[in-house]
1. Only one residue in 151, 186 is under 21 Å from the mean Cα position of the chain (by Cα), modelled with pLDDT of 95 or more, part of a strand (DSSP E or B) and not acidic (Asp, Glu), so which one is that?
2. The conditions are (1) acidic (Asp, Glu); (2) surrounded by 13 or more Cβ atoms within 10 Å (Cβ to Cβ); (3) closer than 18 Å to residue 111 by Cβ, and residue 196 fails exactly one of them. Which is it?
3. Mind checking which residues of the stretch 69-123 are among the β-branched types (Val, Ile, Thr) and either touching a Cys at 6+ places or on another chain (Cβ under 7 Å) or under 16 Å from residue 198 (Cα atoms) (or both)?
4. Tally up the residues in the stretch 87-108 that are surrounded by 15 or more Cβ atoms within 10 Å (Cβ to Cβ) and in a loop (DSSP other than H, G, I, E, B), please.
5. For the subset of the stretch 137-177 comprising residues that are surrounded by 17 or more Cβ atoms within 10 Å (Cβ to Cβ) and of a type in the set (Val, Ile, Thr), which member is farthest from residue 117 (Cα to Cα)?
Amino acid sequence: MDGVFRSLRWGLVLLLAGLLLTACSPRIYGVPEEQWAQMGREERQAAMAHWQAVEEAREARRTREAELAAEQQRQDQLRIARIRAGEGLPGDLLRVSIERGQMRVGGSHRDIEPLSFTIASGETRELPVQARRGNRIYRATLRVMYEDGTLLLDTPGFGDRGAARLVYGPGWDRGTRQRLSSDGPLRLRDVTVYVEAVRMSRRR
């Protein structure tokens, strides 16, 4: 019985190896070169037509995906513009101030200079920040996001891993201060952040 299983296992290994070699072999219109050489004219024309149809379908799908992404971005920009114009719900627009603390720049943690900005729900911003040491100025970029009632500070280029998080609360309409740190690109440390929800003049 062990011999049977051993034979089956080796057979499976050889089959997979053959499939890998076939997949890696040179292809003409998606057909392995060896198989192409044995095909007749009609078979080659059929293969070419199938290849063209597949490529056209792929291109159409890529175009559609790009159009949908562009439309979504346009809708997001319009929604953010409306929020900034006052058409929103409480908490849709925040006023944020970084008052003190440190960020890692130039190889070590340095005192961050105060920074204020506004951010709308669903918005991502990349803000220039700087720190000083004597006459020397260190510059960096702080990436912030505001999604689903959560303010994220010091996010990486993709996703939100390591970011400092502040979740919207009832005290934000009066303003709140919190001290936080992050594990993002700037490694914020003991940063005091003031957050206030901007009062909206009109409802959506």
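1. Testing whether each residue is under 21 Å from the mean Cα position of the chain (by Cα), modelled with pLDDT of 95 or more, part of a strand (DSSP E or B) and not acidic (Asp, Glu) leaves just 151.
2. The one condition residue 196 does not meet is (3).
3. 80, 83, 96, 118, 119
4. Residues flagged as surrounded by 15 or more Cβ atoms within 10 Å (Cβ to Cβ) and in a loop (DSSP other than H, G, I, E, B) within the stretch 87-108 amount to 3.
5. In this case the residue turns out to be 155.
So that you can scan it fast, the table gives a plain yes or no per residue for (1) in contact (Cβ under 8 Å) with a residue 24 or more places away in the chain; (2) touching a strand residue (DSSP E or B) at 6+ places or on another chain (Cβ under 9 Å); (3) farther than 15 Å from residue 97 by Cβ:
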{"position": "121", "(1), (2), (3)": "yes, yes, yes"}
{"position": "128", "(1), (2), (3)": "no, yes, yes"}
{"position": "135", "(1), (2), (3)": "no, no, yes"}
{"position": "156", "(1), (2), (3)": "yes, yes, yes"}
{"position": "159", "(1), (2), (3)": "no, no, yes"}
{"position": "170", "(1), (2), (3)": "no, no, yes"}
{"position": "191", "(1), (2), (3)": "yes, yes, no"}
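Yes or no, residue by residue, for (1) polar (S, T, N, Q); (2) modelled with pLDDT of 85 or more; (3) out of contact with any helix residue (DSSP H, G or I) (no Cβ under 6 Å at 6 or more places or on another chain):
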site	(1), (2), (3)
12	no, no, yes
20	no, no, yes
26	no, yes, no
37	no, yes, yes
43	no, yes, yes
49	no, yes, yes
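Rundown of residues vs (1) of a type in the set (A, V, I, L, M, F, W, C); (2) surrounded by 12 or more Cβ atoms within 10 Å (Cβ to Cβ), yes/no style:
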| residue | (1), (2) |
| --- | --- |
| 29 | no, yes |
| 38 | no, no |
| 41 | no, no |
| 56 | no, no |
| 66 | yes, no |
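The values are calculated or read from the model by the stated rules, or taken from the named source; none is laboratory data. These figures come from a predicted structure and were not determined experimentally. Positions of Cβ are generated from backbone atoms using ideal geometry, with glycine treated the same way; all protein chains shown enter the neighbour counts.
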